[in-house]
1. Report, by residue number, each residue of the stretch 137-161 that is at pLDDT below 90 and under 13 Å from the mean Cα position of the chain (by Cα).
2. Conditions: (1) closer than 26 Å to GLY311 by Cβ; (2) exposed (fewer than 11 other Cβ atoms within 10 Å of the Cβ). LEU230 meets all but one. Number of the miss?
3. Scan the stretch 120-130 and give yes if some residue there is without any contact (Cβ under 8 Å) to a residue 24 or more places away in the chain and in a helix (DSSP H, G or I), otherwise no.
4. Having 3 or more residues that are at pLDDT 70 or above and either in contact with a Lys or Arg (Cβ under 8 Å, 6 or more places away or on another chain) or at positive phi (or both) is the bar; report the helices (runs of 4 or more DSSP H) wholly within the stretch 1-102 that clear it.
5. For the list (1) in contact (Cβ under 8 Å) with a residue 40 or more places away in the chain; (2) closer than 20 Å to GLY245 by Cβ, I need the number of the one condition that VAL139 fails.
6. Which members of the stretch 217-237 meet the condition of being farther than 16 Å from THR207 by Cβ and either touching a residue at least 40 places away in the same chain (Cβ under 8 Å) or touching a His at 6+ places or on another chain (Cβ under 8 Å) (or both)?
7. Any chance you could count how many residues in the stretch 155-175 are touching a strand residue (DSSP E or B) at 6+ places or on another chain (Cβ under 7 Å), closer than 18 Å to ALA200 by Cβ and free of Cβ contacts under 8 Å to residues at least 40 places away in the same chain?
Amino acid sequence: MTLQAMNKRIFEMKQRMGTFWNLIVGSALLLLIFAFGIVGFMWIEGWDLASSFYMVVITLSTVGYGEVHPLSQTGRMFAATLIMSGVGGFMYIVASFSQVLLEGRLQVLWGRRRMQKAIGKLENHFIVCGYGRIGSVVVHEIRNEGFVPVVIEQSQDLIQKMELDGVLCIEGDATDDELLLSVGLRKAKALISALSSEAANVYVTLTARQLCPSLTIIARASQQSHISRLKLAGADRVVMPHLIGGVRMAQNVLRPTVTNFLEIAMQGKIDLQMEELLVPKDSDLHGKNLIESQIRAHYNLIIIAIKKRNGEMIFNPGPKEVIQMEDTLLMVGRRTDLQRMHHDLYGKGGHS
């Protein structure tokens, strides 16, 4: 490892540890002084290890016991130097620990350990990389739907905000393989890379795809030319927020009634929701057409599209369209009716 790489690594550790870095440095310094004292007494006075160890202990602790053996003039000067160094190191540790207590870092650390344990127990959760303008909206929507998001964020200010809001989060670089695995990447349902850096989104997507080939990955892009790179890296879908925002604004002008209806529905002001349900392999719906399925009659739901297993999308399917196992039904209806159908399909312990 080069000197530059070592300095960078130390700087990253210092940033991650925060106030605790001073405690670590002080403890390491005190250990070095202790070892230096033992070696010094053995070399200057010719004592054995046990006598040197005991002399260092009573010297650094300043308990006032007598000398183990009579000290030479050089030995006394060395002992005086050792006392000043040890007292200075001990005061540095006390000051660092006081700072930790004053800043409440111990309480934060314990809270983050509990949060890490909670993250370790999750399954079928959503991982969101970045809690900026886009990431925060993604987290808000996921939580509103009753799912659990886990956020990876580098900003300490945003981490503190999420902790106050009760959002599961971990501080660090989302491009770190170990960090992605620590938030349950292999057990997650999907990963959303909403970082502000385009290169970081590509790297996160590439890393996540290599670590978990079956994971659903949604990535953010800022330019049209970056879409192909993200898809090549392994993203299932690429979203351009500013493009969606522009289209939404144009639709407000061109089709204000339709847009207003969709906004009201999305905000939950009317009891209407669009949902997708995967038809299980053992479902009674398999092999039946839409009329025979009685979905409209039993659940009062409208099927607007069917996504077949091969990826083909059938919009506005006719009444004779046959439902096959592992098809995905796109439906519109009341939330309670959608939940009732979901329960009938997966009520025996399955998951959509």
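1. ILE159
2. (2)
3. Checked the stretch 120-130: no residue is without any contact (Cβ under 8 Å) to a residue 24 or more places away in the chain and in a helix (DSSP H, G or I).
4. Of the helices (runs of 4 or more DSSP H) lying wholly inside the stretch 1-102, none has at least 3 residues that are at pLDDT 70 or above and either in contact with a Lys or Arg (Cβ under 8 Å, 6 or more places away or on another chain) or at positive phi (or both).
5. (1)
6. Within the stretch 217-237, SER222 is the sole residue that qualifies.
7. Matching residues across the stretch 155-175 total 1.
The values are calculated or read from the model by the stated rules, or taken from the named source; none is laboratory data. Everything numeric in this text was worked out from a predicted model, so none of it was measured. We place every Cβ from the backbone using ideal geometry, glycine too, and count neighbours over all the protein chains shown.
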